[in-house]
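Accompanying notes for the structure given below.
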Amino acid sequence: MIFRLLLLSFLWISSLSAYTIETLSEMPRIYLIKSFLSDKECEHIKRKAKPSLKRSKVVAHDGSKVVSESRTSDGMWFPASPKDKLLRKIEKRIEELTEIPRENGEAFQVLRYQVGGEFKPHHDYFASNKAWDRQTGRGGQRIATLIIYLHDTPEGGATIFPRAEIEVQPIKGQALLFYDCLPNGVEDPLSFHGGAPVLAGEKWIMTKWLHERDFN
């Protein structure tokens, strides 16, 4: 199913777009998707998101959402079932790319990091605590993460994988797909990742988290 991307680097031409898939790592499984969005699509998303941006929060061990110095960004969520035609089109594109049903995905989240903004290294999968009970009850474990870069960041702001020694600089229109779990469904500790501090300009991303079953 979703694991057909392993060890592949090719031009994918779908009914919706053409983009290049480059394998950055086999362990953890990390793929760079070039030309995933157009400039026009990126600008549309930023324009729609900007009025709703608020200080980002993280999920605490008890399942609540709190402001944390580990994540210094502004963010917003689009509706889970967006009316925006472009967002629905991108959801279909992600479904074609990953072969994970769109129903398994969380709503799109847009984040803006200004100078000094960062997200310290963490895992996207849920650990065994109250947050696990609450979140996995809605669709099972997070199995994959897609980060779409909406803006060129001139300095800093890379997505980093410290245990894999990989860094990906934000380039407008590119996307980064990585798997939070191994093919057998076990959480992959090598997926440990973060967002390095922005040193110049801004960093804009849109994130889609994908679960093992229908997310609600």
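Need pairs with beta-carbon distance below 7 Å; first residue farther than 17 Å from Gln169 by Cα and modelled with pLDDT under 95 and within the range 137-149, second aliphatic (A, V, I, L, M) and in a loop (DSSP other than H, G, I, E, B); sequence gap 6+ or separate chains.
Nothing qualifies.
For Arg29, all conditions in the list (1) surrounded by fewer than 19 Cβ atoms within 10 Å (Cβ to Cβ); (2) modelled with pLDDT of 90 or more; (3) within 19 Å of Trp209 (Cα to Cα); (4) among the basic types (Lys, Arg) hold save one; what is the number of the exception?
Only one criterion is unmet by Arg29, namely (1).
With the structure loaded, tell me whether Gly140 is in contact with a strand residue (DSSP E or B) (Cβ under 7 Å, 6 or more places away or on another chain), surrounded by fewer than 20 Cβ atoms within 10 Å (Cβ to Cβ), of a type in the set (Gly, Ala, Ser) and part of a strand (DSSP E or B) or whether it fails that test.
Working: in contact with a strand residue (DSSP E or B) (Cβ under 7 Å, 6 or more places away or on another chain): yes; surrounded by fewer than 20 Cβ atoms within 10 Å (Cβ to Cβ): yes; of a type in the set (Gly, Ala, Ser): yes; part of a strand (DSSP E or B): no.
In short, no.
Condition first: at pLDDT 95 or above and of a type in the set (Phe, Trp, Tyr). Now tell me which residues in the range 110-124 satisfy that.
Of everything in the range 110-124, just one residue is at pLDDT 95 or above and of a type in the set (Phe, Trp, Tyr), namely Tyr113.
Scanning for something touching a Pro at 6+ places or on another chain (Cβ under 9 Å), part of a loop (DSSP other than H, G, I, E, B) and on the phi > 0 side of the Ramachandran plot, does the range 116-123 turn up at least one residue?
Our first condition is that a residue be touching a Pro at 6+ places or on another chain (Cβ under 9 Å); within the range 116-123, this holds for 116-118, 121, 123.
Right, trim to part of a loop (DSSP other than H, G, I, E, B) and you get 116-118, 123.
Going one step further and asking which of them are on the phi > 0 side of the Ramachandran plot, we end up with 116.
Taking every residue of the range 116-123 in turn, at least one turns out to be touching a Pro at 6+ places or on another chain (Cβ under 9 Å), part of a loop (DSSP other than H, G, I, E, B) and on the phi > 0 side of the Ramachandran plot.
Would the range 181-191 turn up any residue that is out of contact with any helix residue (DSSP H, G or I) (no Cβ under 6 Å at 6 or more places or on another chain), touching a residue at least 40 places away in the same chain (Cβ under 8 Å), of a type in the set (Asp, Glu) and over 24 Å from Glu99 (Cβ atoms)? Even if it seems obvious, please write down each step before you answer.
Within the range 181-191, the subset out of contact with any helix residue (DSSP H, G or I) (no Cβ under 6 Å at 6 or more places or on another chain) is 181-182, 184-191.
Filter again for touching a residue at least 40 places away in the same chain (Cβ under 8 Å), leaving 181, 185, 187-191.
When the remaining residues are screened for being of a type in the set (Asp, Glu), the result is 187-188.
Subset that is over 24 Å from Glu99 (Cβ atoms): none.
Scanning the range 181-191 turns up no residue that is out of contact with any helix residue (DSSP H, G or I) (no Cβ under 6 Å at 6 or more places or on another chain), touching a residue at least 40 places away in the same chain (Cβ under 8 Å), of a type in the set (Asp, Glu) and over 24 Å from Glu99 (Cβ atoms).
Which numbered condition trips up Ser81, out of (1) touching an Asp or Glu at 6+ places or on another chain (Cβ under 8 Å); (2) modelled with pLDDT of 90 or more?
It fails just one condition, (1).
Table: residues versus (1) at positive phi; (2) at pLDDT 95 or above; (3) within 14 Å of the chain's Cα centre (by Cα).
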| site | (1), (2), (3) |
| --- | --- |
| Arg71 | no, no, no |
| Leu86 | no, yes, no |
| Ile94 | no, yes, yes |
| Pro101 | no, yes, no |
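Has the range 150-171 got any residue that is assigned to a strand (DSSP E or B), within 21 Å of Lys48 (Cβ to Cβ) and not β-branched (Val, Ile, Thr)?
Residues of the range 150-171 that are assigned to a strand (DSSP E or B), as a first pass: 155-156, 159-161, 166-168.
Filter once more, so that each one left must be within 21 Å of Lys48 (Cβ to Cβ): none.
Among the residues of the range 150-171, not one is assigned to a strand (DSSP E or B), within 21 Å of Lys48 (Cβ to Cβ) and not β-branched (Val, Ile, Thr), which makes the answer no.
Within the range 183-209, how many residues turn out to be of a type in the set (Gly, Ala, Ser) and farther than 17 Å from Ile30 by Cβ? Steps first, answer last, please.
Let us first name the residues in the range 183-209 that are of a type in the set (Gly, Ala, Ser), namely 185, 191, 194-196, 200-201.
Adding the requirement that they be farther than 17 Å from Ile30 by Cβ leaves 185, 200-201.
The number of residues fulfilling the criteria is 3.
Hey, can you tell me all the residues within the range 88-130 that are among the aliphatic types (A, V, I, L, M) and out of contact with any His (no Cβ under 9 Å at 6 or more places or on another chain)?
Kept after step one, since they are among the aliphatic types (A, V, I, L, M), are these residues of the range 88-130: 90, 94, 97, 100, 107, 110-111, 115, 127.
Selection gives Ile90, Ile94, Leu97, Ala107, Val110, Leu111, Val115.
The values are calculated or read from the model by the stated rules, or taken from the named source; none is laboratory data. The structure presented is a predicted model; accordingly, all values stated were derived computationally and were not measured. So basically every Cβ, Gly included, is an ideal-geometry build from the backbone, and we count neighbours across all protein chains shown.
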